[in-house]
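The values are calculated or read from the model by the stated rules, or taken from the named source; none is laboratory data. None of these values were measured; they are calculated from a predicted model. With ideal geometry, Cβ positions are generated from the backbone for all residues, glycine too; neighbour counts draw on all protein chains shown.
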Amino acid sequence: MAGDGTEEQPARPAGDEPAKRRRRRRRRGGGPKPAATSGATGAGTASADPAPAGEAAKKQPAKRKPRKPRPRKKPSASVGASTAKRPPRPSIPTTREVSSGGVVYRRTDDGGIEVVLASRRTRRGQLAWGLAKGGIEDGETREGAAIREVREETGLTAEIEADLGDTKYIYVWEDVRIRKTVHFFLMRHTGGDVDDRDDEMEEIRWFPLERALKRAAYRGERDMLVRAAELLQ
């Protein structure tokens, strides 16, 4: 202001920055940016070109085309032949049979228990030990058939004491499937002679009960021996 003894400093233009400050800004990477102007530019100033439209807009991801399903290959003739259904096997006739038999036992002098097993040859020629049993004839009861079959196959006579139940199995004989059911009874030995047995039996022998369980060839008859042991012991 005039009149206070000081000289008024002229106002510095806004864009006139000291050289030292400009150098410091350049070393720090800063500094004033040139202002963008539209239209023509004055002397000593640079014009800012507008950014291309492709760079300003965000790039959209390209859409993938859906894949076409690949045609399935037709199976070759050899594959078709291997997967073809096999012709069904010819069915064989089936019949049912019902038999009856017995677990014949006796007590020894020392208090042990022995049972009778009869041996016969199988179709393969093997020797198999088993219980006496056979088919039930017309007009015959299960009990009557059991007593008769024991006498015919072992030559021994016996009396029925208890019903042991039955066993079932299937076998094929001369191209016929046979479903067989055999009823068994616990029978006490009363007499007879093993030499009077049928010729189809090779041998008749008394076995201790524990050993007979191991010598019996068929599982169903072993089950009958187990039931007899439960009743006798």
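What to note about this one:
Let's see how each residue does on (1) under 29 Å from V226 (Cβ atoms); (2) at pLDDT 70 or above:
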| residue | (1), (2) |
| --- | --- |
| D49 | no, no |
| R72 | no, yes |
| P75 | no, no |
| S82 | no, no |
| R89 | no, yes |
| T94 | no, yes |
| G112 | yes, yes |
| S119 | yes, yes |
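- Residue in segment 124-143 that is assigned to a helix (DSSP H, G or I) and either loosely packed, with under 15 Cβ neighbours inside 10 Å or of a type outside the set (F, W, Y) (or both) present: yes
- All told, M201 falls short of being modelled with pLDDT of 95 or more and touching a helix residue (DSSP H, G or I) at 6+ places or on another chain (Cβ under 8 Å).
- Candidates in segment 159-207 are the residues that are among the aliphatic types (A, V, I, L, M) and not in a strand (DSSP E or B); of these, the one that is surrounded by the most Cβ atoms within 10 Å (Cβ to Cβ) is M201.
- L209 over 17 Å from S100 (Cα atoms), in contact with a Gly (Cβ under 9 Å, 6 or more places away or on another chain) and in contact (Cβ under 8 Å) with a residue 60 or more places away in the chain: yes
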